[in-house]
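> My structure is below; once you've seen it, I'll send some questions.
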Amino acid sequence: MGKIVAIANQKGGVGKTTTAVNLSASLVQEGKKVLLVDIDPQGNTTSGIGINKGDVDECIYNVLVESRDAEELILPTPMEGLSILPSTIQLAGAEIELVSTISREIRLKQALDPLRDTYDYMIIDCPPSLGLLTLNSLSAADSVLIPVQCEYYAMEGLSQLLNTVRLVQKHLNHDLYIEGVLLTMLDARTNLGIQVIDEVKKYFKEKVFETIIPRNVRLGEAPSHGESVVTYDPRSRGAQVYADLAKEVISHG
Ligand code: ADP
Ligand code: MG
């Protein structure tokens, strides 16, 4: 039975997309079959994994709004074992179009549940908001992985996110749990990073992943080559830490 993990934080630029792409590719390296689900209208995951968005006719928008069969819209990526349900800017309209739709919060769940036999993991890259697209993701997911950037104000907005998780648990998805909090973009040269680690660990305790993602130039470069860091520079620190994260996620069962 495949597992569905949503990567969520309504803050932009905290490493959601970087984590979605590189965790997925690292899970593939561990022999898993993985579907990346891009539910951000910006489509950074889609282009970052080597899909030309101009070539995408139908995307996750058509799944959510028109109930198209997800299986028919899934594309292969240049990495064997990794597939993607792509997003295009058309998805930007879905948030409003879905409002008057029946079962609007569980559209993604309905689309992904039948794929659990096909994939070991489905990794959902959420948009930077707590709107209907993120609600769909949290309703569909078994667990949520929360990237937190090691910077001043790191914890800002997290209580809102946790409230949303609790609301989803109460009304839409009783079994949703927190896979882990992932510290990202650590600059080991500053004391601030260490302070943030302490603060986040104090609050989330054993929910914090042991793996911490440092700032790594290769992680920033890889998307412009349409690759994960796993293939772009397998020996980089970025590739190593995401391999560690994949092992941790697998060890959670
Ligand atoms: P989000 O999806 O949460 O908006 P991204 O994953 O797109 O965040 O990251 C924001 C920016 O920071 C991107 O340009 C990305 O390439 C870069 N980035 C993310 N993580 C790292 C890292 N560990 N080291 C260096 N650059 C990173
Ligand atoms: Mg993103």
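> For K11, indicate whether it is under 21 Å from A111 (Cα atoms), assigned to a loop (DSSP other than H, G, I, E, B), of a type in the set (D, E, K, R) and at pLDDT 95 or above.
Against the criterion (under 21 Å from A111 (Cα atoms), assigned to a loop (DSSP other than H, G, I, E, B), of a type in the set (D, E, K, R) and at pLDDT 95 or above), K11 does not qualify.
> A further question follows. State the number of residues belonging to the stretch 180-198 that are assigned to a loop (DSSP other than H, G, I, E, B) and either in contact with a Leu (Cβ under 9 Å, 6 or more places away or on another chain) or not charged (D, E, K, R) (or both).
3
> Between residues in the stretch 192-203 that are within 12 Å of M155 (Cα to Cα) and residues that are β-branched (V, I, T) and not in a helix (DSSP H, G or I), which pairs lie under 8 Å by C-beta distance while being six or more apart or on different chains?
V196/V148; I197/I212; V200/V148; V200/V181; V200/V208; K201/V208
> If you take the residues in the stretch 24-46 that are away from ligand 2 (no atom under 13 Å from the Cβ) and of a type outside the set (A, V, I, L, M, F, W, C), which one is surrounded by the fewest Cβ atoms within 10 Å (Cβ to Cβ)?
Applying the filter and picking the extreme gives G31.
> Oh, and also: Within the stretch 127-149, track down each residue that is under 13 Å from L64 (Cα atoms) and either within 14 Å of ligand 1 (Cβ to nearest atom) or not in a helix (DSSP H, G or I) (or both).
Residues satisfying the conditions are L133, T134, S137.
> If only one of K170, K201, K205 is part of a helix (DSSP H, G or I) and at positive phi, which one is it?
K205
> I'm trying to understand the selection: among the residues of the stretch 14-62, which are modelled with pLDDT of 95 or more, of a type in the set (D, E) and away from ligand 1 (no atom under 14 Å from the Cβ)?
Residues satisfying the conditions are E30, E58.
> Picking from V28, V56, V65, V34, which residue would you name as being under 19 Å from P223 (Cβ atoms), among the hydrophobic types (A, V, I, L, M, F, W, C) and more than 18 Å from the chain's Cα centre (by Cα)?
After applying the criteria, what remains is V56.
> Let me ask something else about it. Do the conditions hold for V21, that is, is it away from ligand 2 (no atom under 13 Å from the Cβ), among the β-branched types (V, I, T) and crowded, with 24+ Cβ neighbours inside 10 Å?
no
> For the stretch 93-119, enumerate the residues that are modelled with pLDDT of 95 or more, surrounded by fewer than 16 Cβ atoms within 10 Å (Cβ to Cβ) and part of a helix (DSSP H, G or I).
Of everything in the stretch 93-119, those that are modelled with pLDDT of 95 or more, surrounded by fewer than 16 Cβ atoms within 10 Å (Cβ to Cβ) and part of a helix (DSSP H, G or I) turn out to be D113, P114.
> Something else about it: Of all residues in the stretch 22-46, which are assigned to a helix (DSSP H, G or I), in contact with a Ser or Thr (Cβ under 9 Å, 6 or more places away or on another chain) and not hydrophobic (A, V, I, L, M, F, W, C)?
Across the stretch 22-46, the qualifying residues are N22, S24, S26, N44, T45, T46.
> Here's something else I'd like to know. Sort through Y177, Y152 and tell me the only one that's of a type in the set (F, W, Y), under 23 Å from D40 (Cβ atoms), away from ligand 1 (no atom under 14 Å from the Cβ) and in contact (Cβ under 8 Å) with a residue 12 or more places away in the chain.
Going through Y177, Y152 in turn, just one is of a type in the set (F, W, Y), under 23 Å from D40 (Cβ atoms), away from ligand 1 (no atom under 14 Å from the Cβ) and in contact (Cβ under 8 Å) with a residue 12 or more places away in the chain: Y177.
> I'd like the residue in the stretch 179-198 that is surrounded by 14 or more Cβ atoms within 10 Å (Cβ to Cβ) and of a type outside the set (V, I, T) and, out of all such residues, is farthest from the chain's Cα centre (by Cα).
Applying the filter and picking the extreme gives L192.
The values are calculated or read from the model by the stated rules, or taken from the named source; none is laboratory data. Because the structure is predicted, anything quoted here is derived from the model rather than measured. No Cβ is skipped: glycine too gets one built from the backbone with ideal geometry, and neighbour counts run over all protein chains shown.
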